[in-house]
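What follows is one structure encoded as structure tokens, with my remarks underneath.
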Amino acid sequence: MSAPSSKPTVTEREARQVAEAAREQDWRKPSFAKELFLGRFRLDLIHPHPLPPAEDSRRGEEFLAKLRVFCETQIDAARIEREARIPDEVISGLKEIGALGMKIDTKYGGLGLTQVYYNKALALAGSACPAVGVLLSAHQSIGVPQPLKLFGTDEQKAEFLPRCARTAISAFLLTEPDVGSDPARLATSAVPDGDSYVLDGVKLWTTNGVIADLLVVMARVPKSEGHKGGITAFVVETDSPGITVENRNAFMGLRGIENGVTRFHQVRVPAANRIGPEGAGLKIALTTLNTGRLSLPASCVAAGKWCLKIAREWSAAREQWGRPIAEHEAVGAKISFIAATTFALEAVLDLSSQMADEDRNDIRIEGALAKLFSSEMGWLMADELVQIRGGRGFETAESLAARGEKAVPAEQVLRDLRINRIFEGSTEIMHLLIAREAVDAHLKVAGDLIDPDKSLQDKAKAGANAGVFYAKWLPKLVAGTGQLPGTYGEFRHGIDLSRHLRYVERGARKLARSTFYAMSRWQGRMETKQGFLGRIVDIGAELFAMSAVCVRAELLRTQGDHGREAYQLADAFCEQSRIRVEELFGRLWTNTDAIDHKVVKGVMGGAYTWLEEGIVDPSGDGPWIADTTPGPSKADNLHRPVN
């Protein structure tokens, strides 16, 4: 049987259609963030702050205590960084304490932790060593357990989940050397053959793939008689004949992760291992990521807490001009930013996670916003810590220790965090994905007006529907509770957080008005205005974070748990956030987007190649994108199962 020999050729429109078909089309549950983008501040959806049941908290805390002991006694982060590998005994130890089954139901041998405690565990493990956090996250957040939990049959769950809970490490394989966030060009094929499928293709950046026992593989099934075809998800045994791990990739950070290149050549997979129907692969992947993306904010929260600890201790010990550096305003502002932002990231993570656990709300936007906001802010916090540490921030922990100083891996944290702005949807892709969801209501009522393929009759009908929708919606954006001084008075306790919530309410209406104006102005060209859409999303992320910190501060106050300090941190974050929001609103209409576009055309047209003169390029030879022609592997198999 021969595999397809060429990559799918798709137009921009076809690529968008594939992505659109994979979206969840309906909103069957309320969404705080969706309402926010529509100009409606639904505080009732998040306040009072939801809380986990007592039994869930008890079980979660018990495991966190066990995991903390393991992290403190069994994980040598310096060794993992030095050897660029998590020792087998550490992985075996994680298996023994049940860390592989944190999210798996107890009836399959897992711990059955809630999303809240799963993320707390990831943060704890990630603080000990980020590579360990990634190992656990890639296995459970996007690996075999999560898609089977959501879409697997009872038989698949019974067969694979007990293994995943205790012994089998899993990985998720979607990306290919020439396919990233544009899955319409996916080239790995799964050709039906009797009661099996035959896989051919190459997958790149397979986190956990080097040591995995089970894989979730996305492959394209050709359309044929009796087969709908399309991108489809499969559970694949890594020891199947024809699978070769051809390379273990190395990166600037997360040096201990087992990330590789995996080739499939005539790999036979039973049809019983297909997850969901043919063609449902992308929908399965995107739905899995709705909560799976929350693992990245967990790592950012852990990094923020560590950055705050090091900044506090170092800034008290280091003196400049007769005073600890923390007392100098320039350094103090950085410490305040780290403290307030760490509080905000934890507020966003815990709120989103608890909403996921309750399953009363659709959190597809909240989860995406949490990932976007946390990855950007986490990087900034680590960068500020390096600046506070000065030359010592640029120096490695090993070098610091060699000359007799505390081995603080600030530069490593900066390197480790950088990938979060790319993992599981880059910042730029997240902007577009969130923007698509944010304008969904508009496209539902007015989408046909800007669709060039629609008939005049369809456009007329859409115009009538849009008229009815906007006649009701637009007047509500003029005035609201954010203009009434006494609103949200329950958030006024010594420090007044109610004013920030009123700002959020006003900001939400302004955001919705700006979006409507942009759609009226650009219509079908709106999707090309990526700079504008990115700023719209960033404003929404800030408003969401402000809401979360105020709600969390009030929760801590009512619990008597550092309530006064929480109000201080929430107040500081909201003040900082409001400055960023005002700048973003200004840049919606005053920016360099047009001139940037002209410069880019000049760069790509070769107009400025003279500017590149006077250097030597140290890059090596080779193609920009590796050849992925289907066929047998010519490399040694680097697969290394951990028993």
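The values are calculated or read from the model by the stated rules, or taken from the named source; none is laboratory data. All of these numbers come straight from a predicted model, not from anything done at the bench. A quick note on method: Cβ atoms are made from the backbone with ideal geometry, for glycine too, and the neighbour counts reach across all protein chains shown. Heads up: the accessible areas ignore ligands, DNA and RNA and are worked out on the full protein's heavy atoms, side chains in. Shrake-Rupley method; radii C 1.70, N 1.55, O 1.52, S 1.80 Å.
For region 346-461, the relative contact order comes to 20 percent (Cα pairs under 8 Å, sequence separation of at least 6).
With the other protein chains left in place, how much accessible area per residue, in square angstrom, belongs to the chain at a 1.4 angstrom probe?
Details: 29100 Å² over 643 residues.
Roughly 45 Å² per residue, with all protein chains present.
Which translational diffusion coefficient, to the nearest whole µm²/s, is obtained for region 254-397 from the Stokes-Einstein equation, given a Kirkwood hydrodynamic radius over C-alpha pairs, 37 °C and 0.692 mPa s? Let's see the in-between values first.
Working: Rh = 18.3 Å.
For the chosen part, D equals 180 µm²/s.
Phi angles of region 296-303 translate, via the Karplus equation with coefficients 6.51, -1.76, 1.60 and θ = phi - 60°, into HN-Hα couplings of 5, x, 4, 5, 6, 4, 4, 5 Hz per residue; Gly and Pro are given as x.
Per-residue 3J(HN,Hα) values for region 247-259, derived from phi via the Karplus relation 6.51 cos²θ - 1.76 cosθ + 1.60 with θ = phi - 60°, read 7, 9, 6, 10, 9, 5, x, 6, 5, x, 6, 9, 10 Hz in sequence order (x marks Gly and Pro). If you wrap the tightest convex hull around every Cα atom of region 315-449 and split its volume per residue, you get 149 Å³. Residues in region 599-605 carry Karplus couplings, in order, of 5, 4, 4, x, 4, 5, x Hz; the curve used is 6.51 cos²θ - 1.76 cosθ + 1.60 with θ = phi - 60°, and Gly or Pro positions show x. Listed by chain and number, the lysines whose alpha-carbon sits under 24 Å from that of LYS406, ignoring those within fewer than 8 places in the same chain, are LYS305, LYS309, LYS334.
Across every pair of non-identical alpha carbons in region 379-500, the mean reciprocal distance, once inverted, gives a Kirkwood radius of 20.3 Å. A DSSP coil position with no more than 12 other Cβ atoms inside 10 Å describes the following trypsin sites (Lys or Arg not before Pro) in region 354-442: ARG360, ARG403, LYS406.
Based on alpha-carbon atoms, the Kirkwood radius and the radius of gyration of region 18-94 give Rg/Rh equal to 1.22. The radius of gyration of the Cα set in the chain, together with its Dmax, comes out at 25.4, 81 angstrom.
Which is the longest stretch in the chain that no exposed loop site breaks, taking sites as GluC sites (Glu not before Pro) with a DSSP loop state and at most 11 other Cβ atoms within 10 Å? All intermediate terms of the calculation are to be shown ahead of the outcome.
Values: sites that count: GLU225, GLU613.
Longest run free of exposed loop sites: 226-612.
Does region 1-138 come out rounded, prolate or oblate, given a ≥ b ≥ c as the square roots of the eigenvalues of its C-alpha gyration tensor, rounded meaning a/c under 1.5 and, failing that, prolate meaning a/b above b/c?
Details: a/c = 2.25, a/b = 1.21, b/c = 1.86.
Oblate.
Give me the percent of accessible area attributable to carbon and sulfur for the chain, probe 1.4 angstrom. All intermediate terms of the calculation are to be shown ahead of the outcome.
Details: 15920 of 29100 Å².
So the carbon and sulfur contribution to the accessible surface is 55 percent.
For region 61-123, relative contact order (Cα pairs under 8 Å, six or more residues apart, normalised by length) works out to 25 percent.
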